[in-house]
Structure formats: structure tokens, C-alpha cells
Amino acid sequence: MPQHELLNCADSSALLISDFDSCGIATFDTSGGCRAFSVTQKSCATGYYSFGHEIGHNFGATHNPEQFSSTSGEGYGHLILPTGSSKYKGYRTILGYNADGHYNRVNYYSNPEVIFPTTGTATGVTGLSNNAKVISANRFAMAACGTDEQNGVCNDCSVNPAAEICLTCCDTVTISSTDSDFLNSWYAKFAGTWSKYSANPAVNDRTVYQSSSSTDYCLSFARGRWAILECEDVGTRIYYMKSADTSKKCVHGVTNWQYSITETPDSTMIVQCSGQGSCASDPPSAPSGSTSDWDDSSKNAGTIVTYTCASSDVYKKSVCDPTSLKWTPAAIPSDLCSGGSPSPSPVPSPVPSPVPSPVPSPPSTTSCGIVNKMTILSKLSMVKKVKTALECQKLCADYTGSRSCTHFLWKNHRKVTKRTCTLQVVGYKTKKNFVAGPLNC
């Protein structure tokens, strides 16, 4: 099912199912790319708080730092102190993983400024475990993904002709930059003209382009971002140059491109339609109570102008259509800003609703063991040139194979080209006199 149908004008899409091989799985840190999807087993969703756990992953919140060999940032869950007196006592936040003395998951996102009343201790550590801060920081990016219109109106091209799904993408685009570091690097050959790739013209519902000057290279969309890679690798995670996460259907207008030797995006790099012409007139005027982001000059095919109401979150778009070279729609409704809900105001980090102290639950009394079996970590895939352990973790979260990735193994090396990421899942092998199985079945 296409992404826009899964979301259906919402900010995120969550599937609740009766039977699953784990309590849940979700895409990680995808609010900017509008790919917030999750699957949660019904029995885990509320009392075990897995629904909030998986949605937290969508926002970029991750597990407690004890699950990682190294840490970066402050988006981790937290094992609440003090440690419990036995394996099945103690507490952890929503994103915390089960650990001895931290058995009970409670309805709190980690936050060093919030005290868990049962223990009288903080639910996070400053500078390390603050899921609430990460979620708050990304909430507006998430909110911008959907329009909350009912019955899929946001994707109705007769009502919203400039919606992403309705756009006509240019067959030829040009990549340009004024950044001297880029222009003097090996990656400078990616600047220039790109045309629709005849051998494989579309992947993931988006156009694939081939470089006119370096025909071994293609520009395509995968994993929530546009990327330049060798044409034989189209649709994979590999890249030489990539954009920031985005949900855009068309590559023209996509910004924040990053090439492999730098962590800082090239803010001067732009992708524009090439040889498609331009609209003769200016875009529609902004109706009363709204402003547009038009720069007073751009009229090239594919240019999108957004009209935003000052007193609400209502907005509308108009595009210079590459086919007709006319602004579509030709006018923005004069009553655009006469209704709508108030604009969201910044709020402090959320304080969770009080919950009763949970009663520790013993493990299942039903045997979950499989006779003559031993647990192992099976390899699902190995990816090369993965820079950090956190990026490896994201690859595990995004893995879409027949079996879910549950663990990752990152190998460091002073050369980025020799760093590897192995995606793993817990499996079983035959071993006489052993019994193995999950904690709960």
C-alpha cells in the first residue's frame, strides 16, 4: 500500500494485531520524513505501554543507554533508580528495556525533571536520557506531516491539486551548488543534469534519474530520502550523496544534501527542473490573513508556493505545473483563513498522567521452552560503510525483511569504508539436552 494511503491524512499510522513475534516494531526517527509507521501486538499495547514505546521510536526516542556500546545525544530511555531487590522488581520508563531489578515498565517517558512518585527518584539523567525532550522537539515536524482531513481529502487532487501525490514530476532535473568544498571534491561530478532512467524509470512510486555525464550513477528514492548511488544499487540503503529525510514525491525542491565525507549538509545545493520552462505569471496572491513563502522571483516548472494562515494551522499550496506551465490551483480561496484550529503553541516537556504503582508480575507459568533447542543470533543482512552504531541501529529499526531485526552489531574501523553493520534476529539451533524459548509465550 502506498505511503499516502497508509497515512490517510494523519501524522502517523499504527497497526494493532493479535499475534506478532514481538510486542512491536516501528520506523525510527522518521517525523521529518513523514514515515511514522508502527506495529504493536494488542496484548502489549496499553498495560505494557508498547503502543507509546513504538510511537516514541517514530519521534526519535530510543532505548536505555545500557543497550548500547556507546551513546550520542540525550534521547535514551531510563532504568529508574534504585535498582529493585530482585530480578522481578524495580522500574523502567516506556523506552527502557527489561533488566534485572528494573522489571516493571511504567507510563513515563524519560525526563530528568520528572520524579517517579513510587521511588522518589528522577525518570531520566540530564544530557543522556530525556525521551520527553526529543519528542517535544520533533512534535511540530510530526504535526506537519498530516492535515487531519477526513476521508482522504488531503490526497484528493480535485480539492488539493498541489498535494504531493498529485504533482507531476519533471523528467529532467539539474543539481547545483556553490559550496567550494563540494565543488573541489570527488563528489562534484554529481552536479549537472539528470534525466529519467530508461532502464528502471520508477522505484517506490518515484522517478529514477540517471546522470547525463556519469551514466553509472542514478538518483532515486528509498528509506525516506533521495540518494545518489550506482544504478545497479537503486532502491538500496547505499549512497554517495543523500538528502535529509523527506516525504516529497518529486526531487526538485529537496534540500539539505549530504555527501559521504561530511556530516554537515550542503545548504547551497538545490535541485531544479531543467528545460521544462516556467510559468508566465506570478503565483496566486495570498488571501487575507495568510502569507506565502514565494521569493518574488521563482517561476520555474515544479516551483511550489505555500500559503499559511497566521491564526491557524490551515495552509494551501500552488504549483507551477510542469505540463501546463500554469499555476495550479490558479487561485487560493479567499476564505482560507476564516476557520481552522488555532496554531499550536510551544509547551514544556510533557508531564505524564499519574498512574498507580504497578504490581510486579511473575513470569508466565506456562512453559515456553522448545526441547533440544539453543538460542542464537542469526544474520539477516550486513551493510558496509555504516559510520556509527546509532546509524546501524536505525538500519535495524527500518529493516523490512520477512523477519524483524531485533539486534544489531556494528564493527568500528578507522576507515569508514571498512565499518560494517550486521542486522540480526534471535533464532534457534538444535542442541541436545537444551531447552530454549522466550520469557512469555
Which order do you get for K418, K249, K432 if you rank them by accessible area with a 1.4 Å probe, largest at the top?
K432, K418, K249
Going by amide H atoms built from the backbone, whose H comes under 5 Å of the H on G146, apart from near neighbours?
D11
Relative contact order (%) - the stretch 104-166, alpha-carbon pairs under 8 angstrom, separation at least six
20 percent
Given 0.36 nm per residue, what is the gain on full extension from T168 to I115 after removing their alpha carbon distance, in nm?
13.9 nm
Could you give me the ³J(HN,Hα) list for the stretch 276-285, computed from phi with Karplus coefficients 6.51, -1.76, 1.60 and θ = phi - 60°, whole Hz, x at Gly and Pro?
9, x, 8, 6, 6, 9, 6, x, x, 6
Which links in K196/K418; K87/K429; K42/K248; K133/K384 stretch past 30 Å when you go from one Cα to the other?
K196/K418; K42/K248; K133/K384
Report the full-extension gain for the segment S212 to H407: residue separation times 0.36 nm, less the Cα-Cα distance, to one decimal in nm.
66.1 nm
Aspartates and glutamates within cross-link reach of K189: Cα-Cα under 16 Å, excluding same-chain residues under 8 positions apart?
D179, D181, D216, E230, D266
Spatial separation of Cα centroids for the stretch 144-168 and the stretch 69-127, in angstrom:
41 Å
Note to self: C-alpha centroids of the stretch 220-286 and the stretch 372-441 sit apart, in Å, by 31 Å
Across the stretch 39-49, in residue order, what do the Karplus-derived ³J(HN,Hα) couplings come to in whole Hz, using 6.51 cos²θ - 1.76 cosθ + 1.60 with θ = phi - 60° and x for Gly and Pro?
10, 9, 6, 4, 5, 9, 4, 10, x, 9, 6
With an 8 Å Cα cut-off and a minimum separation of 6 or more residues, compute the relative contact order for the chain in percent.
11 percent
Need one number: % antiparallel among DSSP beta bridges in the chain, to the nearest 5.
90 percent
In percent, how large is the relative contact order of the stretch 10-136, given Cα pairs closer than 8 Å and 6 or more residues apart?
19 percent
Mind checking the per residue accessible area of the chain for me, 1.4 Å probe, whole number of Å²?
51 Å²
Between the alpha carbon centres of the stretch 14-45 and the stretch 292-316 the gap in Å comes to 34 Å
Using modelled backbone amide H atoms (1.01 Å from N, in-plane), which distant-in-sequence or interchain residues come within less than 5 Å of G75's amide H?
N130
Heavy-atom accessible surface of the chain: percent carbon and sulfur, 1.4 Å:
51 percent
Per residue of the chain, what 222 nm ellipticity follows from adding -39500 (n - 2.57) for every DSSP H run with n ≥ 4, rounded to the nearest 500?
-2500 deg cm²/dmol
Here the gain from full extension of S298 to W186, 0.36 nm per residue of separation minus their alpha-carbon distance, amounts to 37.3 nm
What residues qualify as long-range amide H neighbours of T172, i.e. H under 5 Å apart, gap of 5 or more or another chain, H built at 1.01 Å from N?
S274
List I115, I25, ordered by accessible area with a 1.4 Å probe, largest first
I115, I25
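The values are calculated or read from the model by the stated rules, or taken from the named source; none is laboratory data. Computed from a predicted structure; not experimentally measured. To get the accessible areas, we keep the full protein, side chains included, count just its heavy atoms, and leave off ligands, DNA and RNA. Shrake-Rupley method; radii C 1.70, N 1.55, O 1.52, S 1.80 Å.
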